[in-house]
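Written out below as structure tokens is the structure these notes cover.
The values are calculated or read from the model by the stated rules, or taken from the named source; none is laboratory data. Since we're looking at a predicted model, the values are computed, not measured. When we count neighbours, we look across all protein chains shown, and the Cβ atoms used for this are built from the backbone with ideal geometry, even at glycine. Remember, those area values only see protein heavy atoms, side chains included, never the ligands or the DNA or RNA. Shrake-Rupley method; radii C 1.70, N 1.55, O 1.52, S 1.80 Å.
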Amino acid sequence: MTPTAPLRVGLIGGGNIADSHLRGYAANSARVQVIAVADADPSTLARRVEQTGAAGYADFHALLAEAEVDAVDICLPHHLHRAAIVAAAEAGRHILCEKPLCLTAEEAVAVRAAVQAAGVTFMCAHNKLYLPAVARAKELVDSGALGEVYEVRTTDAFFNDFDPSTMGWRATAATSGGGEYMDTGYHPTYLLMHLAGARPRSVFSMMSTHRLRFMEGEDSAQVLVRFEGGAVGQIATSWAYPRVPGAERFAVMGEKGSLSSDGTTLRVALREQEAEQVYALRMRDPFEAEIADFVDRVRDGRRPLHGVQEGIDTLAIILAAYASAESGSAEEVLAL
Ligand SMILES: NC(=O)c1ccc[n+]([C@@H]2O[C@H](COP(=O)([O-])OP(=O)(O)OC[C@H]3O[C@@H](n4cnc5c(N)ncnc54)[C@H](O)[C@@H]3O)[C@@H](O)[C@H]2O)c1
């Protein structure tokens with residue numbers, strides 16, 4: 001990697017989410033280029049090769065062995081994340097990886113060991129962190145504007161029209177790692193942790209299958225998280241029904257006031273100020289911002305907003321939530 005040449009990326013997995021990532025690469029094309037693509041499905045591979053002009057590989061091990069890439073972007077089904085991260089780290093490549101980090105505590109420990117041993121940049125593709133409303137909210141919380149954080153709420157719910165013929169690897173727990181909560185529910189979980197600004201300690205959850213009964217896992221989850229320092233988080237997430245019109249996407253309640261957002265507008269109500277402040281933030285494609293930030297972090301070696309440890313902490317909340325749904329009791333979050 002020379003200081004001025006664009007970063008060379010290998011895209012591993014060219015399915016649905018690759019569309020958003022490729023939009024991010026196109027928007028940052030002076031600084032980063034996808035020069036190799038791996039996908040096990042021949043028609044998907046052919047489509048991505050034609051779209052990008054990149055070299056195509058049916059197997060990501062071949063891409064890592066043969067393509068001169070500085071970094072890889074992993075967009076694979078969940079059960080393949082650990083193998084791809086470990087192989088990429090061992091090949092000395094920087095890594096951007098879609099959520100979830102991987103599926104189990106054992107996998108998480110193996111991933112961290114490989115990334116640390118290789119000394120490469122590892123960034124979780126936690127795209128919601130790049131929503132302007134989230135970035136502004138985080139600045140306000142960290143500035144102490146709300147004082148001590150008491151409670152955080154996050155919501156991510158939509159009507160998912162999957163049916164058994166379109167659900168693919170998401171329908172089975174062995175390949176998805178669970179159900180909706182391991183998938184879409186991952187977003188409100190890392191967002192909750194980001195806004196709480198603390199490590200998770202214990203979790204209580206209730207999980208349901210309201211509508212998508214052909215799935216092995218749940219289609220909806222309600223999760224409570226106790227953080228170090230005492231803040232409490234509350235997550236509501238579903239594929240069975242959409243977010244209630246007008247309901248917030250995230251909210252933080254603190255000692256000096258609160259903030260809330262529908263994802264675009266941020267409202268801040270401080271007790272010492274009479275008027276609520278309303279920030280109508282300019283929307284930027286979070287994937288464009290995420291890819292730009294990944295290139296910056298690789299170039300200057302700064303720690304990503306969410307690196308391997310935040311990926312592990314998010315996964316640990318989710319694993320504790322599954323254990324709680326099973327036991328009916330609050331469960332400690334594994335300190336990994
Ligand atoms: N950030 C978001 O909002 C968001 C949205 C959707 C998906 N995702 C994440 O992106 C990842 C991929 O999800 P998707 O919806 O794009 O899935 P997908 O099934 O559409 O795409 C996965 C691709 O991986 C390929 N693949 C499977 N096994 C392979 C192997 N061994 N080697 C190379 N390629 C292989 C498949 O052929 C497929 O093209 C998941 O981790 C998912 O959670 C994130």
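For the stretch 142-162, how many residues are within 16 Å of the ligand (Cβ to nearest atom) and open to solvent by less than 30 Å² (accessible area, probe 1.4 Å)?
4
Quick test for you: out of SER165, SER205, pick the one residue that is polar (S, T, N, Q), buried (at least 22 other Cβ atoms within 10 Å of the Cβ) and more than 20 Å from LEU305 (Cβ to Cβ).
Values: SER165 fails: buried (at least 22 other Cβ atoms within 10 Å of the Cβ).
Testing whether each residue is polar (S, T, N, Q), buried (at least 22 other Cβ atoms within 10 Å of the Cβ) and more than 20 Å from LEU305 (Cβ to Cβ) leaves just SER205.
Out of curiosity, is LYS128 open to solvent by 20 Å² or more (accessible area, probe 1.4 Å) and within 16 Å of the chain's Cα centre (by Cα)?
Yes, satisfied.
Between residues in the stretch 166-180 that are not assigned by TED's automatic domain parsing to the domain that holds HIS79 and of a type in the set (A, V, I, L, M) and residues that are assigned to a helix (DSSP H, G or I) and surrounded by 15 or more Cβ atoms within 10 Å (Cβ to Cβ), which pairs lie under 8 Å by C-beta distance while being six or more apart or on different chains?
Pairs found: ALA174/HIS79.
Can you name every one of the strands (runs of 3 or more DSSP E) wholly within the stretch 248-336 that holds 3 or more residues which are crowded, with 19+ Cβ neighbours inside 10 Å?
Filter on the stretch 248-336 gives 250-254, 257-261.
Take the stretch 47-86 and flag every residue that is away from the ligand (no atom under 14 Å from the Cβ) and touching a Cys at 6+ places or on another chain (Cβ under 9 Å).
Residues satisfying the conditions do not exist here.
Determine whether the stretch 16-27 contains at least one residue that is in contact (Cβ under 8 Å) with a residue 12 or more places away in the chain, closer than 22 Å to THR175 by Cβ, within 14 Å of the ligand (Cβ to nearest atom) and of a type in the set (Gly, Ala, Ser).
Yes, the conditions are met somewhere in the stretch 16-27.
Could you list, in sequence order, all residues of the stretch 28-46 that are near the ligand (Cβ under 8 Å from one of its atoms) and under 22 Å from the mean Cα position of the chain (by Cα)?
Passing the criteria: ALA38, ASP39.
Can you name every residue in the stretch 153-191 that is out of contact with any Leu (no Cβ under 7 Å at 6 or more places or on another chain), of a type in the set (Phe, Trp, Tyr) and over 21 Å from CYS97 (Cβ atoms)?
Hits for the stretch 153-191 are PHE158, PHE159.
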